[in-house]
Amino acid sequence: MQVFRRGDEGPVVAEIRAKLGRLGLPGEGPGDGDVFDDVTDRAVRTFQQRRGLRVDGVVGPETYRALDEAHWQLGDRVLSFTAGHMFVGDDVAVLQERLLDMGFDPGRCDGIFGRQTESALREFQRGVGLVPDGTVGPSTLRALDMLRRTVTGGSPSQRREEERLMRSGSAVSGRIVLLDPGHGGDDLGACAHDLAESEVAFDLASRIEGRLGALGVQPLLTRGADGCPDDQARAAFANETGADLLISLHLDAVMAAAPNGVATYFYGAQLPGRSVSSAVGERLADLVQHEIVARTDLRDCRTHPKAWQLLRMTRMPAVRIDVGYVTNAGDAARLRRPEFRDAVAEAVAVGVQRLYLPEEPDRTRGQIRLPALAG
Ligand SMILES: [Zn+2]
């Protein structure tokens with residue numbers, strides 16, 4: 001789709017402004033309603049910040065999609081599971097949160113009406129004596145409203161995800177970990193200092209693949225050396241394989257030469273009334289980030305929640321690591337060294353291993369070598 005930013009005008013800009021206006025953001029000024037002006041720019045940035053999107057004031061596919069989903073309120077439309085084209089929106093997220101509040105398990109509160117949401121809904125309907133048709137019509141809406149409960153302290157969706165991890169046991173062996181090197185094929189990603197993001201990401205994935213394999217993990221890759229599936233295809237593949245974790249690998253890049261360091265991202269977003277995030281994704285992000293920082297001299301740019309498509313559409317805990325800035329001379333020099341890449345790969349493998357180990361807070365990060373853990 002076309003990208004819209006300050007200075008643009010036309011019917012799509014008018015629609016964007018109207019959507020922002022309905023969300024209570026100052027997008028809809030009087031008069032020239034189809035011009036992307038300063039007010040619209042600020043409203044878009046506020047919206048992006050709230051939703052955990054990249055804050056750049058530009059309405060590209062990701063922001064446009066989020067705007068579209070944000071305006072649905074529970075009751076606006078009849079919701080049900082449709083295999084080909086699933087309902088996505090804030091109304092679905094609210095439904096999922098309510099089901100969770102009442103003790104049903106619709107999976108992660110991601111605003112996507114999938115099979116698990118449907119079965120939780122049927123269970124709820126059965127429980128309250130409604131026809132279990134898996135459809136949110138007027139009678140189900142009424143029942144949901146009547147039985148609404150205020151839950152205080154901790155998000156039920158986070159507790160649910162933690163419980164799942166606990167149930168799954170502490171062995172890393174036998175897990176399926178999907179490695180996702182960013183870009184590929186004609187899409188080289190960011191290029192600078194004689195490095196192409198797609199190639200570095202693939203090389204890192206290969207190095208991690210070897211280390212995970214040695215731990216008894218079954219590593220899979222979302223692409224070969226030359227392919228470039230889009231985020232939707234990558235997420236669909238991850239869901240089909242039933243992987244336990246997904247680790248996406250990218251490099252960061254900016255116009256300026258100075259920014260440098262490593263950051264790790266996990267799924268998280270602001271939805272009406274509350275924020276949702278993947279608790280296990282966050283823990284994996286923290287582990288991997290700390291291991292990388294402990295084993296390399298990359299600057300610590302910390303971990304952050306993001307609502308990016310890949311993190312959101314994947315049903316397993318997923319993280320994306322931006323391993324340094326290809327646009328920074330220092331980081332680029334690091335990334336060129338095979339020993340550095342090995343250190344990053346080892347850090348990621350140990351982070352995965354630690355996720356399944358019981359908490360041992362006194363163990364110093366960065367001190368464990370893989371063979372010790374594998375033994
Ligand atoms: Zn990238």
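Phi angles of the range 110-127 translate, via the Karplus equation with coefficients 6.51, -1.76, 1.60 and θ = phi - 60°, into HN-Hα couplings of 10, x, 10, 7, x, 4, 6, 5, 4, 5, 5, 5, 4, 4, 4, 4, 4, x Hz per residue; Gly and Pro are given as x. Inverting the pair-averaged 1/r between distinct Cα atoms of the range 215-254 gives 11.7 Å as its Kirkwood hydrodynamic radius.
Sketch the reach of a paramagnetic label on R336 as a point 7 Å from Cα along Cα-to-Cβ, and name the residues of the range 179-216 whose backbone nitrogen lies under 14 Å away. In the range 179-216, the label zone of R336 (backbone N under 14 Å from the point 7 Å along Cα→Cβ) covers 192-196.
Relative contact order for the chain using alpha-carbon pairs under 8 Å, separation at least 6, rounded to a whole percent?
Details: 687 pairs, mean separation 53.3, N = 375.
14 percent.
What translational diffusion coefficient, in µm²/s and rounded to a whole number, does the Stokes-Einstein relation yield for the range 1-101 at 10 °C and a viscosity of 1.306 mPa s, taking the hydrodynamic radius as the Kirkwood radius over Cα pairs? Roughly 110 µm²/s, to the nearest whole number. Considering only V288, V92, V39, the mean-square fluctuation computed in a Gaussian network model of the chain, springs between alpha carbons under 10 angstrom, is largest for V39.
I need the calculated FRET efficiency for the pair M86 and S275, taking r as the beta carbon distance and R₀ as 25 Å, to the nearest 0.05.
Details: r = 22 Å, r/R0 = 0.90.
Efficiency, rounded to the nearest 0.05: 0.65.
Label zone of R54 (point 7 Å out along Cα→Cβ, amide N under 15 Å): in the range 1-25 this covers 1-5.
Taking the chain as a Gaussian network of alpha-carbon nodes connected by springs under 10 Å, the highest mean-square fluctuation of the residues T46, T303, T264 belongs to T46.
For the range 172-374, would you read off the P(r) tail past 26 Å as a percentage of all alpha carbon pairs?
On the way: 5650 of 20503 pairs.
Result: 28 percent of Cα pairs exceed 26 Å.
Beyond 12 Å, what share of the Cα-Cα pairs of the range 262-314 is found? Please give it as a whole percent.
Details: 873 of 1378 pairs.
When every Cα pair of the range 262-314 is considered, 63 percent fall beyond 12 Å.
Semi-axes, largest first, in whole Å: what does sqrt of 5 times each Cα gyration tensor eigenvalue give for the range 306-348? Before the final figure, lay out the partial values.
On the way: eigenvalues 138, 39, 6 Å².
Semi-axes (√(5λ), whole Å): 26, 14, 5.
On a per residue basis, the convex hull of the C-alpha atoms belonging to the range 90-151 measures out at 74 Å³.
Report the FRET efficiency, 1/(1 + (r/R0)^6), for L357 and Q232, where r is their Cβ-Cβ distance and R0 is 41 Å, rounded to 0.05. Working from the Cβ atoms, E equals 0.80.
Which of these, G268, G351, G75, has the largest mean-square fluctuation under a Gaussian network model of the chain (Cα springs below 10 Å)? Of the options given, G75 has the highest mean-square fluctuation.
For the range 1-72 and the range 206-277, what is the centre-to-centre distance using only Cα atoms, to the nearest Å? Each part's Cα centre sits 28 Å from the other's. Note on the range 166-250: Cα Rg divided by 2.2 N^0.38 Å, N the number of residues, gives 1.15.
Could you tell me what % of all Cα pairs in the chain have separations over 30 Å? Walk me through the intermediate numbers first.
Working: 31107 of 70125 pairs.
Considering the chain, 44 percent of its Cα-Cα pairs are separated by more than 30 Å.
Just to verify a number: FRET efficiency for D297 and M1, C-beta to C-beta distance, R0 = 30 Å, to 0.05? The formula returns an efficiency of 0.15 here. For the range 11-70, the Kirkwood estimate of the hydrodynamic radius, built from every pair of different alpha carbons, is 11.1 Å. Using all pairs of distinct alpha-carbon atoms, the Kirkwood hydrodynamic radius of the range 203-314 works out to 15.7 angstrom. Summarising the amide proton neighbourhood of L220: residues at separation of 5 or more, or on other chains, whose placed amide H is nearer than 5 Å comprise V177, L178, L179. Positive-end ranking of G21, P132, A43 along the dipole of the chain, with charges on Cβ about the Cα centre, is headed by P132.
Each reported figure results from applying straightforward, stated rules to the coordinates on display, with no laboratory input. Since the structure is predicted, the reported quantities are computational estimates derived from the model, not experimental observations. Reconstructed Cβ throughout: ideal geometry from the backbone, glycine too, with neighbour counts over all protein chains shown.
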